[in-house]
1. How big is D for region 2-128, in µm² s⁻¹ as a whole number, if Stokes-Einstein is applied with the Kirkwood radius of its Cα pairs at 25 °C and 0.890 mPa s?
2. For 64, 99, what's the fewest-to-most ordering of other Cβ within 10 Å of each Cβ?
3. Quickly estimate the mean residue ellipticity at 222 nm for the chain, helices only: each DSSP H run with n ≥ 4 gives -39500 (n - 2.57), and the total goes over all residues, rounded to 500.
4. Determine, for 182, 69, 83, 131, the number of other Cβ atoms within 10 Å of each Cβ, and report the residues in order from fewest to most.
5. Sorting check: for 13-19, 87-93, 48-54, which peptide has the highest mean count of neighbouring beta carbons within 10 Å, and how do the rest follow?
6. Viscosity 0.890 mPa s, temperature 25 °C: Stokes-Einstein D of region 144-186 from its Kirkwood Cα radius, in µm² per second?
7. So how tilted is helix 118-143 from the main axis of the chain? Cα-based, degrees 0 to 90, rounded to 10.
């Protein structure tokens, strides 16, 4: 399972053997049952994890409603970026939506990797750039004018999640109510999309 993490990190930037061995030493493989909270409001996110197998959802509470901010499936890096960056309690929840296996490295260990292995800074920068790209794509999607465009975005960006995620969570991720999303999906079924 560590091999999947190494493959993901090497795809960002090729790591040399001493760094690979150090990552192997530090990474911890942890499996969480479905519905387990990986992080709760008020906790400090002190690690970054890659989803080896499974699915997690990040969300926050607004006016007694949970609003989905991210879905993270195989290959995605899970962390609560604001809490992780500041190393202070955040307001985000991260919950396993399926039995989920993660490869995790603690914040302090990642910082040490940056100091000891300059090439790991490139890995970190490229991951950060990718995360910023995803956040910007979602922001643009939320500003689009039609619900159909938002649903198309979801289908394009997350085609493997449509049958893995409850409709209510997809709706909050897309910034619409469940009834609107059901109506749009009904149109898609009639046209065979």
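Values quoted throughout were computed directly from the atomic coordinates according to the rules given, and no laboratory measurement underlies them. Owing to the predicted nature of the structure, the values given are computational and were not obtained by experimental measurement. Note that each Cβ is placed from the backbone with ideal geometry, even for glycine, and that neighbours are counted across all protein chains shown.
1. My calculation gives 164 µm²/s for D.
2. Numbers: 64 5, 99 14.
Fewest-to-most ranking of 64, 99: 64, 99.
3. Here the helix-only value at 222 nm equals -15500 deg cm²/dmol.
4. Exposure proxy ranking, most exposed first: 182, 131, 69, 83.
5. Ranking the peptides 13-19, 87-93, 48-54 by packing returns 48-54, 87-93, 13-19.
6. Answer, rounded: 240 µm²/s.
7. Compared with the principal axis, the helix lies near 10 degrees.
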